[in-house]
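What follows is calculated from the coordinates using simple rules that are stated; it is not laboratory data. Keep in mind the model is a prediction, meaning the values are calculated, not measured. Cβ: placed from backbone, ideal geometry, glycine included. Neighbour counts: every protein chain shown.
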Amino acid sequence: MMNPENIVFAPVVLPLLGAALAICGKAFFKGANTRRIEYTAAFIGLVLPWAALIYTLPLVFSGNPITGVIGNWNEGIGIMYRFDGLAWLVNLLGFAVGGAAWLYASGAGPRGSEFTSIFLIQTAALAATAMTADLFNLFVCLEVMGAASYVLVTYSKKPAAVLAAFSYLMVSAAAMIFFLIGLYGLYRITGVLSYQGLSEALRNLSGSESTTAIVSLSLITAAVAIRVAVMPLYGWLPDAHAMAPHAVSAVLSGVLIKTPLFALSRILVLMPQGAGAGELMGYAGAVTALVAVVIALSQKDAKRLLAYHSISQIGYVVCAWGAAIKIGVSTSLGLGLMTAAFLHALYHALFKGLLFITVGTTIDRTGSRDVYKLRGAISILRREGKEKFPVTFLCFLAGALAISAVPPFNGFASKTAITYALKGTWEYYFLTAAGIGTAASFIKLSRIYWPLKKEEAPQPPGQEAQGVTSFPALWGAELLLGLLCIASGLAAPAIYSLVTTLFAADGGITAGTVPAFYTLDNLIKTLVILVSGVAVFKLVDTGAGGTVLRVIRERPRSFQGLFMSFALGTATLAAWLLFYR
Amino acid sequence: MIERILLLIFFLIGFYAIIARKNIIKKIFGLTIINSAIVILFILESSSTGTGAPIMGEGIRNIVDPLPQALMLTAIVIGVCITALALAMAFRLYKAAGTFSIEEIRKALHDES
């Protein structure tokens, strides 16, 4: 029973068990018993998997990934899985942010057995996506994850959230059908679906077959890239993430957009054409980081601003990730890049989760989402949110400083790791410019907490402030993520070395050295970025700056645009692989 | 070859519905149509690999490749779930905005917020 082949399924099976339990509790019991069962289910689904993760750490750490075929079927028929350092790390990310987000939801809503159940199904799908090594199984995992997330977005009672979820569903379900076409192409020329088998079969192809392989790979990559929300495939994200309940936004931005990316890296490192696809995605990532931050700076809805920042930060991750795939993850430079990419994905999950729930609490209590109008949130929180001590504000500050890469918060460490690995390339300058924009837009966002001027009357709480809120759970989630942001920043060298060792164990090479984070150069660079950020903020705060921002904010966006950009993205990728490489 | 051309037309009809029709119910139809087109494509492909049904027994030879059929059963189930979910959302949008037209829904919800 305790052999590792069974234990690695615990992060998938335990949340599913919890989901079933929560629904049964709702069906067969009433009142307090239902709630008790719901909490037990959440404990089983979100806390017990940690035991499995701790148990499997020594195995993956020593470079012995647990692989096999589910249900002991024959290879070629059954579904291959691979629980290695990558899967372990993605699980770590998912369960850390998932647990904190559920805790927040239990305090501030949405609540109830159905919510817990769907939340746990999503968590199970995340864990399954991380460890699958079969192309069709990846399709199933992504669809389950997607279906759960469409439902979770609609838990916000606003009709606009349903529209956002509907657009998200249409574009990502259509993209998954293109994924199936890609899968059809690969299956037709190779007759296998496991990554290992595909990688071997794709190495010796004739001319026309290799064209089929490239087009298929482009379709698969583009379909996954939609979930990751790289430019130009990002259109669904701002609405869905801004409209979702705050706890769900935290998981969507923190975990859901990164898991498909790291699952895709499994395919790309094995395929002969994968390096080219990774290279193009890396370039797209650098552009994404800069363009999205400019759009973020122009937003007036607080949560939409955060949603565009998620796109920008995923751009950082994709940029480093793509460069790593291009160079090859088993070289020392590629290993450094991949480690930096994951480190930023992990840290972004922590600080963006924190930002979403603190800003969410603030807009619930104050009833306003408008960055230009809302002021004096600290005093409103003290009055409406029973905060004698400004927990929410301080946690927001921790998140804002982390995303602006101020030491000793964790964002500083991961952005330093990325720029250290990318030094001397054009992407480096793009990411530095994006860093300035990030600092500027968080100065803009933090204005909601600035004290009121004397003549302005405090605003009445809005509709969202109604409803029962359990403050200890809410503050607990905020403090948990806030402390993690600081702790993981201080422990960055240790965490970097853990991540790099796990990736090195996957690639069968020795781990490289840990870059020095707190050097004088890095601190001076941070200072320069922050000062430039203040300057940019002053610039856009003027009349002319405001006009430019309004033009960016009110650019036309449409449903058709999502599909057009998908088609264009796929075609570009295929053309790039066919003609340029 | 003729089957593939028909399938391509079938697929394009569905894709046209998703992109060009304003009615969200028709968009959902479009999604179902492209899903069906892919299912038929897989089945068509696997049917050319043999003649018999893939049920193993005494004296059965030359069966078709069973894997695509298993995959497509799964894909059909997922497609049904997604369609049901999309229709439920369409219902909620209709209740909120009183119309199925995506543009009018967008306008109605935009004015509200």
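Listing for the model above:
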{"item": "Formal net charge of residues neighbouring A:Val371 (Cβ-Cβ distance under 9 Å; K, R +1; D, E -1)", "result": "+3"}
{"item": "Gyration tensor verdict on the stretch A:180-242 (Cα atoms; rounded if a/c is under 1.5, prolate if a/b is larger than b/c, oblate otherwise)", "result": "prolate"}
{"item": "Cβ-Cβ FRET estimate between A:Asn6 and A:Ala27, R0 fixed at 35 Å, reported to 0.05", "result": "0.75"}
{"item": "Point-charge dipole on Cβ atoms (K/R +1, D/E -1) for chain A, about Cα centre, debye to 20", "result": "1600 debye"}
{"item": "Highest-first arrangement of A:506-512, A:184-190, where packing means the average Cβ count within 10 Å", "result": "A:184-190, A:506-512"}
{"item": "Net charge dipole size for the stretch A:320-421 [Lys, Arg +1 and Asp, Glu -1 on Cβ; Debye, nearest 20]", "result": "280 debye"}
{"item": "Residues of type aspartates and glutamates that B:Lys22 reaches as a straight line, Cα spacing below 15 Å, ignoring anything fewer than 8 places off in the same chain", "result": "B:Glu103, B:Glu104"}
{"item": "Cβ-Cβ FRET estimate between A:Thr513 and A:Ala487, R0 fixed at 25 Å, reported to 0.05", "result": "0.65"}
{"item": "Span from the the stretch A:19-69 Cα centroid across to the the stretch A:178-205 one, whole angstrom", "result": "34 Å"}
{"item": "Amide H contacts of A:Met231 (H built 1.01 Å from N, under 5 Å, at least 5 apart or other chain)", "result": "A:Thr288"}
{"item": "DSSP beta bridges in the protein assembly as shown [antiparallel fraction, %, rounded to 5]", "result": "90 percent"}
{"item": "Loop-located chymotrypsin sites (Phe, Trp or Tyr not before Pro) in the stretch A:489-529, at most 15 other Cβ atoms within 10 Å (DSSP)", "result": "A:Tyr518"}
{"item": "Averaged over A:167-176, number of beta-carbon atoms from partner chains that fall within 10 Å", "result": "5"}
{"item": "Diffusion coefficient, µm² s⁻¹, Stokes-Einstein with Kirkwood Rh over alpha-carbon pairs of the protein assembly as shown at 4 °C and 1.567 mPa s", "result": "50 µm²/s"}
{"item": "Calculated from backbone phi, Karplus (6.51, -1.76, 1.60) coupling profile of the stretch A:108-121 in Hz, x at Gly/Pro", "result": "10, x, x, 10, x, 5, 5, 4, 4, 4, 5, 4, 6, 4"}
{"item": "Three-way shape call for the stretch B:68-113 based on the alpha-carbon gyration tensor, with the a/c threshold at 1.5", "result": "prolate"}
{"item": "Given 14 as the ceiling on other Cβ atoms within 10 Å, longest exposed-site-free region of chain A for GluC sites (Glu not before Pro) in DSSP loops", "result": "A:76-454"}
{"item": "Between 0 and 90°, nearest 10: helix B:66-97 axis offset from chain B longest Cα axis", "result": "10 degrees"}
{"item": "Net charge, A:Tyr429 excluded, C-beta distance under 13 Å - Lys, Arg +1, Asp, Glu -1", "result": "+1"}
{"item": "Amide proton proximity set for A:Val406, modelled H, under 5 Å, gap of 5+", "result": "A:Phe412"}
{"item": "Estimated dipole of the stretch A:464-581 in Debye, rounded to 20 [Cβ of Lys and Arg +1, of Asp and Glu -1, Cα centre]", "result": "460 debye"}
{"item": "Vicinal HN-Hα couplings computed from phi for the stretch A:273-284 (Karplus, 6.51 cos²θ - 1.76 cosθ + 1.60; Hz; Gly/Pro x)", "result": "8, x, 4, x, 4, x, 4, 5, 5, x, 4, 4"}
{"item": "Set A:Lys26/A:Lys258; A:Lys158/A:Lys300; A:Lys300/B:Lys107; A:Lys444/A:Lys525 screened for pairs whose C-alpha atoms are more than 25 Å apart", "result": "A:Lys26/A:Lys258"}
{"item": "222 nm mean residue ellipticity, helices alone, for chain B (DSSP H n ≥ 4; -39,500 (n - 2.57); rounded to 500)", "result": "-26500 deg cm²/dmol"}
{"item": "The stretch A:100-107 - phi-based ³J(HN,Hα) in whole Hz, Karplus 6.51/-1.76/1.60, Gly and Pro as x", "result": "5, 5, 5, 4, 5, 5, 5, x"}
{"item": "Modelled label reach - A:Ala51, point 7 Å along Cα→Cβ, the stretch A:80-94 residues with backbone N closer than 13 Å", "result": "none"}
{"item": "Crossing angle, helix A:410-422 versus chain A [Cα axis fit, 0-90 degrees, rounded to tens]", "result": "40 degrees"}
{"item": "Normalised contact order of chain A, rounded percent, pairs of Cα under 8 Å and 6 or more residues apart", "result": "16 percent"}
{"item": "Shape parameters for chain B, alpha-carbon atoms, Rg then Dmax in Å", "result": "19.5, 69"}
{"item": "Rounded if a/c under 1.5, otherwise prolate or oblate - the stretch A:23-75, Cα gyration tensor axes", "result": "oblate"}
